[in-house]
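Laboratory data are not the source of any read-out in this text; all were calculated from the coordinates shown. Only a predicted model underlies this, so the values are computations on that prediction, with no experimental measurement involved. For neighbour counting, all protein chains shown are included, and Cβ atoms are generated from backbone atoms with ideal geometry for every residue, glycine included.
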């Protein structure tokens, strides 16, 4: 009688025989008959083991469907956006304070309302309805931020999953559709100056309008004083621009000491607008000044571009450029009286009544330093060496008087 293990050499072939077809197995062994009960039991056991090992892992279909559903929710994409900490289009890193602020707004206003919704379930109408509700409860700024977060989360999702066929619902809603703000104490920080001028270069506007905004920042004049400025007020030889008293708020002529940078801008204006009496005439008629709203529209476009690129830049106006210059010059330790004279402010105080000094030399040095400081801000350089050299220069001027 054969041993119970005589078919072991043909085990691969035996295991390939379907369960319940033992006769075929015996034919493989060349016998056609069961050799023994042990072989039959061995064959059946090994076939059962093979079936178990080859059995695919079947996941609970309820769990699979739940995970798939969650992967498509606004909440899941929002979490991934916050974890990434960067704008998907340009890789710009979010400041920690900005990230914390947006996370707070999301947790308070979006997590419970949109968190479990699928991306294709959030419509512009639904988003606007939520923003209006938040605004009605006395929180217009968070309402604008809610729209901003939805915009960024959808942008993130669309950049990460190219198979998503969705429209960003926030694109159809402008921030001004929700709420508008008119801050009276807006001043740009050095980092905001850098962000703004970088964005200004990316928008569709004329080079001279870009220069006009920078000219206003460097000269610290009011918008109307620039818009109506004419070439007969400019003295290239002495690097001064004298605004007549008829155009000044205080009805006193005002001297603007021109830095090298502002002189270069004026040369550009002259090359482009030599036929006009205005430094920068209107777009369609060189006999008329630039319109009152043009520069603010350019600023709004640059701010929007910065926000679209993921930067935290709040809106501001042309007039805020004066406040920016005043704030930063004070912060860097320049004399308040010199700054006030550059702004053509007339203070109603006993001190101002007796202080009739014009500070001509000091203002000239300070305005050149200010122009150099702005270049430092734009180029991400430390301005302190510029400030130090300007103050040493001012000391030498005082000692020589």
Descending principal axes extents, the range 63-173, alpha-carbon based, whole Å: 41, 29, 27
Set the Förster distance to 51 Å, then compute FRET efficiency between residue 360 and residue 132 from the Cβ-Cβ distance, nearest 0.05. 0.40
Which order do 201, 225, 340 fall in if you start with the one that has the fewest other Cβ atoms within 10 Å? 201, 340, 225
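Among 278-289, 150-161, how do they line up by average Cβ neighbours within 10 Å per residue, starting with the highest?
Numbers: 278-289: 16.0, 150-161: 19.4.
Per-residue mean Cβ counts within 10 Å order the peptides as 150-161, 278-289.
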Quarter of the surface of the C-alpha convex hull for the range 190-400, i.e. direction-averaged projected area in nm², equals 12.5
Considering only C-alpha atoms, what is the centroid distance from the range 122-187 to the range 274-290, in Å? 39
Measure off 7 Å from each Cα along the Cα-to-Cβ vector at residue 396 and residue 245, then give the distance between these two points in nanometres to one decimal. 3.7
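If I stretch the segment between residue 108 and residue 297 completely, what's the gain in nm (0.36 nm per residue apart, minus their alpha carbon distance), one decimal? Write down the numbers at each step before the final one.
On the way: separation 189, 0.36 × 189 = 68.04 nm, distance 3.31 nm.
Here the segment from residue 108 to residue 297 would lengthen by 64.7 nm.
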Taking the beta-carbon count within 10 Å as an exposure proxy, list 101, 366, 373 from fewest neighbours to most. 101, 373, 366
Return a whole-number percent for the relative contact order of the range 232-379, with Cα pairs under 8 Å and 6 or more residues apart as the contact set. 18
Treat each spin label as a single point 7 Å out from the Cα along the C-beta direction, and report the residue 287 to residue 267 distance in nm. 3.2
Neighbour-count ranking [beta-carbon atoms within 10 angstrom, fewest first] of 185, 372: 185, 372
